[in-house]
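Trainee: Before I ask anything, let me first share the structure, which is written out below as structure tokens.
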Amino acid sequence: MPETIQFIRTPTDRDLRQDVVLAVVMLVGGVISAALSTIAGVYGDEQAPLWWALLAVVGISAPLIVRRRHPAQVAIVIALVMFVSVTLRVPELYAVNIAMFVALYTVGAWMNDRRRAFFVRAGIILGMFIWLIVVMYRDAIDEAGEADVAAGFFSPYVAFMMIQLLLNVLYFGGAYYFGERSWHAAAQRFALEQRTRELEAEREITAAQAVALDRVRIARELHDVVAHHVSVMGVQAGAARLVIDGDPEQAKQMLAGIEQASREAIGDFRQLLETLRDPGDEGSDEPSSIGLADIERLAQASTDAGLPTDYAVIGEPVPVSSTVAVNLYRIAQEALTNARRHAGAGASADVRLRWMPDAVELEIVNTGRTVGLLRPGLGQLGMRERALASGGEIELQPRPQGGFRVRVTVPVRTTAPAPGGVAR
């Protein structure tokens, strides 16, 4: 699985262009707000001149151009401009407050260092509230002599201050909340996109593995069919050539065996090709008509091909899956084919199918030449793959007295008897 990448939010070119547009809109709106506030005289006699308001508008608009690239610095600058403008009674309220909200939101939404983002916002909000409390206390002292202030806790002045405090809580809390929400939404989108890429990569890997497995299965099946039938036909053709002059009848029997082997080869090829051409087949690519009972036919065919082969079943057979049956059949087929090819003249083979309480064991032993160095080939690889696909184990080893032994053990599932001795 691909390694998880840490989320880092980076503004796009479109985001940067939007920041420029926002700064221009804020500048135009701030100029209009400053002019109207000056005309309205929002601070009365203590109001600062208009050009101070224009400087404040520029001070909160220009930093917005880089708000996504440097969110902490922009928020601090705008907070200082807001603090100074309100303290000096600069006649501009709306653009400064909007810029402060946007700056706090941007810190929460775009600052990758989340710890630093928290401290920046917490510091600004705490500083603003301390400053607000100081201003409220100062105004309360200045107006202490008036009757509406001295009227008690629920005087109009105190009610107005409480409204201001509540509005500031909603103002700063909203900027903090929406910034956090934007960051987490972006992180979730990033995680979803990354997971989508990982799933796409996994899908491609799975598809490649499926193709590779199909190629392995096709190669294994072709090897088993070709090696077995061609080996039988080759041995019988050679034997027929040797006896055709002295014993024509025996030569005819061998030629009939060659004919039968060729028909079986064609049948196996047809079944394999039909399986490969069927897109709706989700099961095994092996012929479903093959079963464990056909191993006896393999032993007889091996005898007819010149390798005397005994076959015996030991124990009480139990049903097994078609995959296990086909794999055991192919292992026996490959083992007997190898015995005919390598055992030499005068060799014989012995096939034993043993049924045990929890497993079935297939053993193929042949006499013949002593095998010195075991050189694994495609046949042995195919037998190991078939044993593994059946959930079993296989032993491939030469015999000290000559010949070779193939033993494969596959577990089988048996149903437990129900009360009264009836199998479930």
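Trainee: Test of understanding: among L22, L54, L36, which residue is over 30 Å from E198 (Cα atoms), in a helix (DSSP H, G or I) and at pLDDT below 90? It would help to see each step written out before you state the result.
Mentor: Working: L22 fails: at pLDDT below 90; L54 fails: at pLDDT below 90.
Among L22, L54, L36, only L36 is over 30 Å from E198 (Cα atoms), in a helix (DSSP H, G or I) and at pLDDT below 90.
Trainee: Can you name the condition, by its number, that S85 falls short on among (1) crowded, with 22+ Cβ neighbours inside 10 Å; (2) within 50 Å of the chain's Cα centre (by Cα)?
Mentor: (2)
Trainee: Quick one: G44 ticks every box in (1) surrounded by 10 or more Cβ atoms within 10 Å (Cβ to Cβ); (2) at positive phi; (3) among the small types (G, A, S) bar one, so which box is it?
Mentor: The single condition G44 does not satisfy is (1).
Trainee: Among all residue pairs at least 6 apart or on different chains, which show Cβ distances below 9 Å where the first residue, located in the stretch 178-197, is loosely packed, with under 14 Cβ neighbours inside 10 Å and the second is among the β-branched types (V, I, T)?
Mentor: Note: pairs meeting the criteria are A191/T4.
Residues are listed down the side, and each one gets a yes or a no for (1) part of a helix (DSSP H, G or I); (2) at pLDDT below 75; (3) touching a Lys or Arg at 6+ places or on another chain (Cβ under 9 Å):
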{"site": "I205", "(1), (2), (3)": "yes, no, no"}
{"site": "V216", "(1), (2), (3)": "yes, yes, no"}
{"site": "G246", "(1), (2), (3)": "no, no, no"}
{"site": "Q271", "(1), (2), (3)": "yes, yes, no"}
{"site": "G280", "(1), (2), (3)": "no, yes, no"}
{"site": "A301", "(1), (2), (3)": "yes, no, no"}
{"site": "D310", "(1), (2), (3)": "no, no, yes"}
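Trainee: On the given criteria, is V74 surrounded by fewer than 22 Cβ atoms within 10 Å (Cβ to Cβ) and under 18 Å from I125 (Cα atoms)? Outline the logic, then answer.
Mentor: Numbers: surrounded by fewer than 22 Cβ atoms within 10 Å (Cβ to Cβ): no; under 18 Å from I125 (Cα atoms): yes.
For V74, the condition - surrounded by fewer than 22 Cβ atoms within 10 Å (Cβ to Cβ) and under 18 Å from I125 (Cα atoms) - is not met.
Trainee: Follow-up question, since we're still on this one. Examine the stretch 330-346 for a residue that is in contact with a strand residue (DSSP E or B) (Cβ under 7 Å, 6 or more places away or on another chain) and in a strand (DSSP E or B), and state whether such a residue exists.
Mentor: No, the stretch 330-346 contains no residue that is in contact with a strand residue (DSSP E or B) (Cβ under 7 Å, 6 or more places away or on another chain) and in a strand (DSSP E or B).
Trainee: State yes or no: is G344 under 17 Å from T409 (Cα atoms) and either surrounded by fewer than 19 Cβ atoms within 10 Å (Cβ to Cβ) or touching a Leu at 6+ places or on another chain (Cβ under 8 Å) (or both)?
Mentor: Values: under 17 Å from T409 (Cα atoms): no; either surrounded by fewer than 19 Cβ atoms within 10 Å (Cβ to Cβ) or touching a Leu at 6+ places or on another chain (Cβ under 8 Å) (or both): yes.
No.
The values are calculated or read from the model by the stated rules, or taken from the named source; none is laboratory data. Just so it is clear, the structure is predicted and the values come from calculations on it, not from any experiment. We place every Cβ from the backbone using ideal geometry, glycine too, and count neighbours over all the protein chains shown.
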